[in-house]
Ligand code: GRF
């Protein structure tokens, strides 16, 4: 399965995919795109020999045009699965229509709690005792797509947002590559009667 990754920042989730599943079990990361030229994800991809491209929002008249350009590039590279790994942009519906049920995202909260940005901070402010991470299909909402997999962990006493982020990171780095591998194996099925119900074999 040919995988394209979109990332805006550090790229540690991209790195986990490169380290754990790229080149194995039929998974090939063939494209990494970012909206930010300085994203460390880009240099991580280059180090792994994966083609990269920057789609800065300022270079396009609107999101639809930008996302059409991203989709066209991914299409040229025959990408079959798009992974959002810290991509801090909403995708246009036209993009999602081009990759139906083939766009997944990793989110540092137990959805539907704390969608959107600042979720780790919100979890700390709220005082939750259990936190976690979610990998879900992307739909037109903000972190509202069907959940594929989640991992939960107790919040350490006295943790601040930075501590919790550090606790959650290894969970993301385990869960996201595992879901990518499961998708490549065809082990992820969506119940046609209830598309919110996703089974991972
Ligand atoms: C992760 O916490 C992910 O859940 C969120 O953005 C962060 C990206 O981190 N969507 P990295 O760039 O993969 O290191």
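The values are calculated or read from the model by the stated rules, or taken from the named source; none is laboratory data. As the structure is a computational prediction, the values presented were derived from the model and not from experiment. Please note: Cβ atoms are built from the backbone with ideal geometry, for glycine as well, and neighbour counts cover all protein chains shown.
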Candidates 117, 70 - the one that is without any contact (Cβ under 8 Å) to a residue 40 or more places away in the chain and not in a strand (DSSP E or B): 117
Whichever residue in region 22-49 is buried (at least 24 other Cβ atoms within 10 Å of the Cβ) and farther than 19 Å from residue 91 by Cα and, among such residues, is nearest to the chain's Cα centre (by Cα): 29
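I'd like to verify a number: residues in region 12-38 that are touching a strand residue (DSSP E or B) at 6+ places or on another chain (Cβ under 8 Å) and over 25 Å from residue 187 (Cα atoms), how many?
Within region 12-38, residues that are touching a strand residue (DSSP E or B) at 6+ places or on another chain (Cβ under 8 Å) and over 25 Å from residue 187 (Cα atoms) number 5.
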Top-ranked residue of region 143-185 - restricted to ones that are closer than 21 Å to residue 14 by Cβ and assigned to a loop (DSSP other than H, G, I, E, B), ranked as nearest to the ligand (Cβ to nearest atom): 143
Count - residues of region 125-142 that are away from the ligand (no atom under 14 Å from the Cβ), without any contact (Cβ under 8 Å) to a residue 60 or more places away in the chain and either more than 10 Å from residue 109 (Cβ to Cβ) or touching a helix residue (DSSP H, G or I) at 6+ places or on another chain (Cβ under 7 Å) (or both): 8
Single condition residue 185 does not satisfy, out of (1) over 23 Å from residue 144 (Cβ atoms); (2) in contact with a helix residue (DSSP H, G or I) (Cβ under 9 Å, 6 or more places away or on another chain): (2)
Test: residue in region 85-99 that is within 16 Å of the ligand (Cβ to nearest atom), modelled with pLDDT of 95 or more and assigned to a strand (DSSP E or B): no
Qualifying positions in region 20-32 - in contact (Cβ under 8 Å) with a residue 40 or more places away in the chain and either touching a helix residue (DSSP H, G or I) at 6+ places or on another chain (Cβ under 8 Å) or within 11 Å of the ligand (Cβ to nearest atom) (or both): 20, 21, 24, 25, 26, 27, 31
